[in-house]
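Colleague: Okay, here's the structure, questions in a sec.
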Amino acid sequence: MIRISVKVDGTTYEDDVEPRLLLVHYLRDRLGLTGTPIGCDTSNCGACTVDLDGESVKSCSVLAVQADGSEVTTVQGLAQDGEWHSLQKAFHDRHALQCGYCTPGMIMAARDLLRENPEPGPQDVREALEGNLCRCTGYQNIVRAVLAASGQEATR
């Protein structure tokens, strides 16, 4: 067992973990943060995307011990004072989800995009989200939601 200290959604946790424990399992099983889904365990789908020290990562491809000393933000940590983050609200308002399984990862990847490019075009959004798979939608409403969250309305 290895002792780690990690700040998740603003709260610091200290735990003994097995060296091979994936961050996604630590978040879900140890901390009870089930808003980060396990989609594939192979980093193909992106459903488990979280923010690790300011970068979006697929938490099924990061070991919990690699997050030692780091700050993690999950989709659950985006809401502040009971108010949804602008991306969460835009996904809801623009019907950018169906089953919702991919939504946490899409929102976290989109958040990373908007930090780097506050006014992306539709193609920028598509490229930024290409590592996140949705099996239900045609992605059109997802692109519209990200553009709406950036303060723009989709032009196409």
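The values are calculated or read from the model by the stated rules, or taken from the named source; none is laboratory data. Remember, it's a predicted structure, so these values are computed and weren't measured experimentally. Here Cβ is always computed from backbone atoms with ideal geometry, including for glycine, and neighbour counts include all displayed protein chains. Note: accessible area is taken over every heavy atom of the protein model, side chains too, but ligands, DNA and RNA are not part of it. Shrake-Rupley method; radii C 1.70, N 1.55, O 1.52, S 1.80 Å.
Colleague: Can you pull out the residues in region 138-149 that are small (Gly, Ala, Ser) and modelled with pLDDT under 95? Walk me through how you get there before you give the answer.
Modeller: Restricting attention to region 138-149, the residues satisfying the condition of being small (Gly, Ala, Ser) are 138, 145, 148-149.
Once the filter is applied, which keeps residues that are small (Gly, Ala, Ser) and modelled with pLDDT under 95, region 138-149 yields only GLY138.
Colleague: Quick one: would you say GLU55 is touching a helix residue (DSSP H, G or I) at 6+ places or on another chain (Cβ under 9 Å), open to solvent by 70 Å² or more (accessible area, probe 1.4 Å), in contact (Cβ under 8 Å) with a residue 12 or more places away in the chain and closer than 28 Å to GLN152 by Cα?
Modeller: Working: touching a helix residue (DSSP H, G or I) at 6+ places or on another chain (Cβ under 9 Å): yes; open to solvent by 70 Å² or more (accessible area, probe 1.4 Å): yes; in contact (Cβ under 8 Å) with a residue 12 or more places away in the chain: yes; closer than 28 Å to GLN152 by Cα: yes.
It is true that GLU55 is touching a helix residue (DSSP H, G or I) at 6+ places or on another chain (Cβ under 9 Å), open to solvent by 70 Å² or more (accessible area, probe 1.4 Å), in contact (Cβ under 8 Å) with a residue 12 or more places away in the chain and closer than 28 Å to GLN152 by Cα.
Colleague: A follow-up question, please. From VAL72, VAL50, VAL6, grab the single residue that is open to solvent by less than 20 Å² (accessible area, probe 1.4 Å) and either of a type in the set (S, T, N, Q) or more than 23 Å from ASN132 (Cα to Cα) (or both).
Modeller: Working: VAL72 fails: either of a type in the set (S, T, N, Q) or more than 23 Å from ASN132 (Cα to Cα) (or both); VAL50 fails: either of a type in the set (S, T, N, Q) or more than 23 Å from ASN132 (Cα to Cα) (or both).
None of the other options fit; the residue is VAL6.
Colleague: If a residue must be within 26 Å of CYS99 (Cα to Cα) and open to solvent by 70 Å² or more (accessible area, probe 1.4 Å), how many such residues does region 9-47 contain? Break it down into steps so the answer makes sense when it comes.
Modeller: Keep residues of region 9-47 that are within 26 Å of CYS99 (Cα to Cα), which gives 9, 22-47.
Restricting the remaining residues to those that are open to solvent by 70 Å² or more (accessible area, probe 1.4 Å) gives 29-30, 34, 41-42, 44.
Of the residues in region 9-47, 6 are within 26 Å of CYS99 (Cα to Cα) and open to solvent by 70 Å² or more (accessible area, probe 1.4 Å).
Colleague: So, one more: Among the hydrophobic types (A, V, I, L, M, F, W, C) and under 30 Å from ARG20 (Cβ atoms) - does that describe any residue in region 76-91? Working first, answer last.
Modeller: The initial filter retains those residues of region 76-91 that are among the hydrophobic types (A, V, I, L, M, F, W, C), namely 78-79, 84, 87, 90-91.
Filter once more, so that each one left must be under 30 Å from ARG20 (Cβ atoms): 78.
Yes, region 76-91 contains a residue that is among the hydrophobic types (A, V, I, L, M, F, W, C) and under 30 Å from ARG20 (Cβ atoms).
Colleague: For region 75-116, name all the residues that are open to solvent by less than 70 Å² (accessible area, probe 1.4 Å), without any contact (Cβ under 8 Å) to a residue 24 or more places away in the chain and not hydrophobic (A, V, I, L, M, F, W, C).
Modeller: GLN88, GLY100
Colleague: Among the numbered criteria (1) under 26 Å from LEU31 (Cβ atoms); (2) in contact with a Lys or Arg (Cβ under 9 Å, 6 or more places away or on another chain); (3) at pLDDT 95 or above; (4) not aliphatic (A, V, I, L, M), which single criterion is violated by PRO122?
Modeller: (1)
Colleague: May I pose another question? Any idea which of VAL65, VAL50, VAL72, VAL17 is among the aliphatic types (A, V, I, L, M) and under 23 Å from CYS136 (Cα atoms)? If you could, list the steps in order and put the result at the bottom.
Modeller: Values: VAL65 fails: under 23 Å from CYS136 (Cα atoms); VAL72 fails: under 23 Å from CYS136 (Cα atoms); VAL17 fails: under 23 Å from CYS136 (Cα atoms).
Exactly one of VAL65, VAL50, VAL72, VAL17 is among the aliphatic types (A, V, I, L, M) and under 23 Å from CYS136 (Cα atoms), namely VAL50.
Colleague: Look at ARG135 and say whether it is more than 11 Å from the chain's Cα centre (by Cα), modelled with pLDDT of 95 or more, open to solvent by 80 Å² or more (accessible area, probe 1.4 Å) and not polar (S, T, N, Q).
Modeller: Working: more than 11 Å from the chain's Cα centre (by Cα): yes; modelled with pLDDT of 95 or more: no; open to solvent by 80 Å² or more (accessible area, probe 1.4 Å): yes; not polar (S, T, N, Q): yes.
No; evaluated as a whole, the condition is false for this residue.
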